[in-house]
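Everything below concerns the one structure shown next.
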Amino acid sequence: MMYSRWYWRALVSPGLAWLGLFVLVPTYALVAVATGRIDELYRPIPAWNPAKWNVGFIREAFAAAVPGGAYWPTVRNTLLYVGAALTLCIVIGYPVAYYIARHARRTKALLVLLIVIPFWVSYLMRMLAWVGLLSPDGYVNQVLAAVGITQPPDWLGGYPLPVILALTYGYIPFFILPVYAGLDRIDRNLLDAGRDLGASPLRNFLHVTLPLSRPSLLAGCVLVVLPMFGDYYTNELISRSPRTSMLGNQVTLFMLGGPQKNRGAALVIVMMAILLLAMTYYVVATARDRARAA
Amino acid sequence: MDGGQLATRADRAPVGEIRVVGLTKRFDEIVAVADIDLEIRPGEFFALLGPSGCGKTTILRMIAGFEEPTAGTVVLDGEDLSRVPAHRRNVNTVFQSYALFPHLDVFGNVAFGLRRQKVPRAELRRRVGEALDLVQLGDQSRRRPMQLSGGQQQRVALARALVLRPAVLLLDEPLGALDAKLRKQLQVELKALQEQVGITFVFVTHDQEEALSMSDRIAVMQAGRIEQVGTPRALYEEPATPFVADFLGVSNLMTVEVEGSDSAGSWLRIGEFRLLAREGDRLARGVATIVVRPERIVLEPYYALEGENRLPAMVERTMYVGSAVHAIVRLATGATLQASVPNTGDAVNWQQGTPVSVHLPADAIRVLAVASPPTPRS
Amino acid sequence: MIGRARNPWRAPRFLAVGTWLYIAWALVPVAVAIMFSFNDGRSRSVWQGFSMRWWWGDPNLSLFHHPDYTQALVHSIRLAVLDMAIATPLGVMLALGLNRWRGRGSRPANLLMLVPLVTPELVMAVSLLLLFTQVAIVPFALVELGTTAQVIGQVTVSLPYVVVIVRSRLASIGEQYEEAASDLGASPLQALRLVLLPLLFPAIVASMLIVFALSMDNFVVTQYLSSDQSTATIPMYVYANTRGAATPALNALASVLVFLTLLASGVAFGVYAFAQRRVRRSGGSAVRELTALDR
């Protein structure tokens, strides 16, 4: 070892202390509140001692999250919207990433710049833009009127489709960038070898490019699904209706809208359980990929 | 090349003698260096030679202090370096990639070590100037490493290390990144520099020609162990193991049966032929390996197949390399040998497919013991 | 066969068209929203002519005269600067230490560092909210919701970005310069100060600017940990008023946000790419290095 042990220990301590205080402790606080009780004013009493954990709220939350329960419509909405938005992200985003990575030559640098820009434009600005465009007198309806559709849908009135489209619009840059990076990294020689061995462009794509881009494709999906699950603001801005409420809306209602913090914490735990399932799939899939490549 | 005040053989206080005892380095399960003993003499140009992964660079790094040995000690001028961190060792390194600090100019790079020693400004300026003159870069002190060629960067790296007057200079394949012509030129310059400055150089390389041409002594390594230590001549002409024989030039290794030995030499049987060998291990019996260098093999016309140590063969291929002709001949036993016939202007042409008589002079055949001998100190 | 042979390497045309259509779809709405900040009338959806009234023309309602707007702007910048000031040194030190650490604790430490990056921001926000409102022991009880809590939340979320950027730069720099410095007599601290930090400087500046941009754009954690109107940031303000009857001054406010974050991230990229040229390593573009978030 080049340096004595306390050199890097000293370097790492402040950051780790921060993370311990503001990541680990809050997580414990979350669990403690979810497993706590409430006093007469409905304020939460956290259960710091695991021995005193009350699983009542968590059990209630899980029970409410399955079909038939109180949260089920919300959970169903979330799964549906995230699934639909993810599909759209893949269907729209993958070809774009593919084109830029593999075929754009002179315009490549410009295109990369252009797909990075939305990544940095505030999510809320992008929603603001759409609220303006989708309002009854906005440009979307004007264009529709020009082609003869004079009874346009009520975009902002609380329907799933605009929410799904908004989610797609908002998060697709998070998908395109990692997929682009992965596709860009594929060695051109591998594709040349494929052509050399007689594969048509389509077969080359299906049997060489697509499998090689799987890891970054999965990464892109993860990068999109994770924030979507916690999204509440898209609904609030585009829909404003409890009809399209997602898990994030319900949690925010509990946490900021009144004295229901236990329920809120319990619901967050349910949400994390669902996410954990998705993440397990991701970990297993990438581990399998890695093992196959070894 | 004017050495000036830098340092001459006469006024060296630290002597630059390294003793390595039982040095071992393990990375998890892999043993990179296995129980190495070495003695590097003051002022010598010592090379660590071997294929990639043999541990030579790891040994260098342990001497420099960048790796901690798993076991064993490194002793410099009588001082055990185990407790001494790298920045306090009186040893400096020239890295394979030069590692010149990009954010400093040439002067700043060379002055770096002197500044850490708090050398006063006037003396610092003088010594940096001398070091740069020594490597013939006196007028480049304000340039940035990025603006220099590979050869120039290498010289700056040298100057940066030498200006500190270390007891030992470690060089980790310093010529690896240069093209062939520049390498040859710098090999000559480095050797001359070392003689002038008088510091012990420990030089790591995988290029046997480089090691042979520059070193006073070489340690040939394989898989973490030392195969043999000796002068270039001793290693080439008296290799102790087949590996050493084969690593340094063409070895023409052959398996033979040793029938016996007497005052004339060892009697060998190869196929249905008998050979007399005067070099190597007289005590070996049974199956053994012999080495014959290509330049010692004599090719004679086939009808002259008389006299001892002559084997019939067929010329399989010839390669004209300008200064010589390499002839690959296949013996009746099936083995192939490479013979090197110097281009003396004689019109003898060994055509492909010609039968020849291969004469292996008795004192050109060296019998190697089957088991490797312990590291000889020669 | 007469006529131009089709280039077998060319992509189907629909891919190129589709890509440019996507780009338009991604960028045009934002451009339109910015355009509306220059609208002459009160509408945010119908164009009524060009005017600067919402920027500074109107004495009461324009961006730079309306107290709520200017306060949101000021608070956003305040949080961003504090976030930068705290997250950058913490993150740089963490990156340096994690890079060197080989022992058994290094893997969990690395994972812990990545947690804020992979956790949905809502979960982090809820946890931190509960931390500051429910935990009665000293360091946390002292923090009330508001600026301090917001800064803490933002730093926690920004930290992994700094670490990832600095670490990827460290990886491409390699160990050689530190070893050379050490070889020449520099102590570990001297090697850090005289060699490593100068070489890392562009990455540090880039990560600072990225933190600035992230902070300006941050919404969830900032909202959850806010206290009252005085702790509103631009995103929070935009969120609260998008569905209301706000004037195009709101668009102007959002445009300022977009401008600042694009500027910060653009400069960050420029600094990083420029520095790449100095340390001579073969291959690899800056984009490739930055997007190599190998998780």
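The values are calculated or read from the model by the stated rules, or taken from the named source; none is laboratory data. As the structure is a computational prediction, the values presented were derived from the model and not from experiment. Positions of Cβ are generated from backbone atoms using ideal geometry, with glycine treated the same way; all protein chains shown enter the neighbour counts.
Quick notes on this structure:
- Qualifying residue in the stretch B:60-82 (condition: buried (at least 22 other Cβ atoms within 10 Å of the Cβ), touching a residue at least 12 places away in the same chain (Cβ under 8 Å) and within 21 Å of B:Phe247 (Cα to Cα)): no
- Residue check for A:Thr35: in contact with a Phe, Trp or Tyr (Cβ under 7 Å, 6 or more places away or on another chain) and modelled with pLDDT under 90: yes
- Selection from the stretch A:99-110 of residues that are touching a Phe, Trp or Tyr at 6+ places or on another chain (Cβ under 8 Å) and either at the interface with another protein chain (Cβ under 7 Å from one of its Cβ atoms) or on the phi > 0 side of the Ramachandran plot (or both): A:Ile100
- Selection count where residues are closer than 16 Å to B:Thr205 by Cβ and either away from chain C (no Cβ under 13 Å) or touching a His at 6+ places or on another chain (Cβ under 8 Å) (or both), scope the stretch B:159-173: 1
- The strands (runs of 3 or more DSSP E) falling completely within the stretch B:152-252 that include 3 or more residues that are within 29 Å of B:Phe112 (Cα to Cα) map to B:168-172, B:200-205.
- Subset of the stretch A:32-64 (residues that are in contact (Cβ under 8 Å) with a residue 60 or more places away in the chain and crowded, with 22+ Cβ neighbours inside 10 Å): A:Val33, A:Ala34, A:Gly36, A:Pro44, A:Phe57, A:Ala61
Matching residues to (1) touching a helix residue (DSSP H, G or I) at 6+ places or on another chain (Cβ under 6 Å); (2) modelled with pLDDT of 95 or more; (3) surrounded by fewer than 21 Cβ atoms within 10 Å (Cβ to Cβ):
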{"site": "B:Glu195", "(1), (2), (3)": "no, no, yes"}
{"site": "B:Ile199", "(1), (2), (3)": "no, no, no"}
{"site": "B:Glu227", "(1), (2), (3)": "yes, no, no"}
{"site": "B:Thr231", "(1), (2), (3)": "no, yes, yes"}
{"site": "B:Pro242", "(1), (2), (3)": "no, no, yes"}
{"site": "B:Val256", "(1), (2), (3)": "no, no, no"}
{"site": "B:Arg278", "(1), (2), (3)": "yes, no, yes"}
{"site": "B:Arg285", "(1), (2), (3)": "no, no, yes"}
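- Every condition in (1) closer than 16 Å to C:Leu122 by Cα; (2) within 11 Å of chain C (Cβ to nearest Cβ); (3) aliphatic (A, V, I, L, M); (4) crowded, with 22+ Cβ neighbours inside 10 Å is met by A:Leu256 except one, and the failing one is (4).
- Checking B:Ala122, B:Ala99, B:Ala131 one by one, the residue that is under 30 Å from B:Ile36 (Cα atoms) and not in a strand (DSSP E or B) is B:Ala99 and no other.
- For beta carbons closer than 7 Å, sequence separation of 6+ or different chains, a first residue in the stretch B:185-203 that is within 25 Å of B:Thr58 (Cβ to Cβ) and assigned by TED's automatic domain parsing to the domain that holds B:Ile218 and a second that is among the acidic types (Asp, Glu) and at pLDDT 90 or above, the qualifying pairs are B:Gln187/B:Glu210; B:Thr200/B:Glu44.
- Of all residues in the stretch C:133-178, those satisfying the criterion of being farther than 23 Å from B:His103 by Cα and either acidic (Asp, Glu) or in a loop (DSSP other than H, G, I, E, B) (or both) are C:Val135, C:Ala136, C:Ile137, C:Leu142, C:Val143, C:Glu144, C:Leu145, C:Gly146.
- Residue check for C:Asp83: more than 9 Å from chain A (Cβ to nearest Cβ), crowded, with 20+ Cβ neighbours inside 10 Å, touching a residue at least 40 places away in the same chain (Cβ under 8 Å) and charged (D, E, K, R): yes
- Note on the stretch A:83-154: enclosed helices (runs of 4 or more DSSP H) holding 1 or more residues that are in contact (Cβ under 8 Å) with a residue 24 or more places away in the chain are A:108-120, A:123-134.
- With respect to the conditions (1) in a helix (DSSP H, G or I); (2) more than 16 Å from A:Pro73 (Cα to Cα); (3) in contact (Cβ under 8 Å) with a residue 24 or more places away in the chain, A:Pro259 falls short on a single one, namely (1).
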